[in-house]
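This report refers to the structure that appears directly beneath it.
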Amino acid sequence: MFNTKVSELNSLKDVQEKNITGFAVSKSNKKSDMIEKTLKVISGLKAYSLDKNDPVILNEINYTRSKLESARDEEVASKCQIVHDEANSILTLLAEYGIVDTDLTSLQSSIGDYSATSQLPASKIDERHAVTARIGDVVNELKDTLVIMDNLVNTLNDKTPAFVLTYNPSRAVNSLKGGHASNGVNKAAKDPQV
């Protein structure tokens, strides 16, 4: 059981120490790509709406780069989707304004890619928090096992005193939290009543 818990602890440590910054970078890159494609479609829609004197379309897609970049993760994809859908509804009229089917297909693909990755950094952080909590549980389980072992070792003192003499110092508690350092042997190893 002890070795199993140590193996679990090592596996949890590996998950906890994994670098997750790549997910945030990927999300940022996909957001930038989506915004660039959206701004191109907005430009074509603005040109059309100004040329045709259509304030309804102009108001529907009145997003600037800064509005899109500063929008919350869950809102920016929706804003880009509105632009896509508005352009898609009059696609045949937009060709002379520089917007064609492939622009909308590419924008829709970017929206999908961004939406799929936008929650990954947060989910990886949540996973890391869960692992950190589990590490505390495993450490406590290991401590409980060691207390049992300490007490069992004390029963061997009359049969194998040399083993007990080497075991007790090996169980010294070295505090890494600061404050007073332990002066040697685990309390349970000294006093089986603990």
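The values are calculated or read from the model by the stated rules, or taken from the named source; none is laboratory data. These figures come from a predicted structure and were not determined experimentally. Positions of Cβ are generated from backbone atoms using ideal geometry, with glycine treated the same way; all protein chains shown enter the neighbour counts. When the accessible area is computed, the model is the full protein with side chains, heavy atoms only, and any ligands, DNA or RNA have been set aside. Shrake-Rupley method; radii C 1.70, N 1.55, O 1.52, S 1.80 Å.
Each peptide in 42-48, 3-9, 156-162 was scored by the mean count of other Cβ atoms within 10 Å over its residues; highest first, the order is 42-48, 3-9, 156-162. Checking the cross-link pairs 37/67; 46/67; 13/143; 31/52 against a 24 Å limit on the alpha carbon distance flags 31/52 as lying beyond it.
Hey, with R₀ at 45 Å, roughly what FRET efficiency would residue 90 and residue 129 work out to, going by the Cβ-Cβ distance, to 0.05? The partial results should precede the final answer.
Details: r = 47 Å, r/R0 = 1.04.
Efficiency for this residue pair is about 0.45.
Taking other residues whose beta carbon is less than 15 angstrom from the beta carbon of residue 34, and scoring Lys, Arg as +1 and Asp, Glu as -1, yields 0.
Computed on protein heavy atoms with a 1.4 Å probe, the accessible areas place 163, 23 in the order 163, 23, largest first.
Just add up the charged neighbours of residue 70: K/R +1, D/E -1, any other residue whose Cβ is under 14 Å from the Cβ of residue 70. If you can, show how the numbers build up before the last one.
On the way: positive: 31, 65, 67, 72, 79; negative: 69, 73, 74, 75.
Once all neighbours under 14 Å are counted, the net charge is +1.
Normalised per residue, the accessible area of region 1-103 is 60 Å², obtained with a 1.4 Å probe and no contribution from ligands, DNA or RNA.
Per residue and in cubic angstrom, what volume does the convex hull of the Cα atoms of region 1-120 have?
Values: hull volume 13.1 nm³, N = 120.
Measuring per residue, one finds 110 Å³ for the Cα hull of region 1-120.
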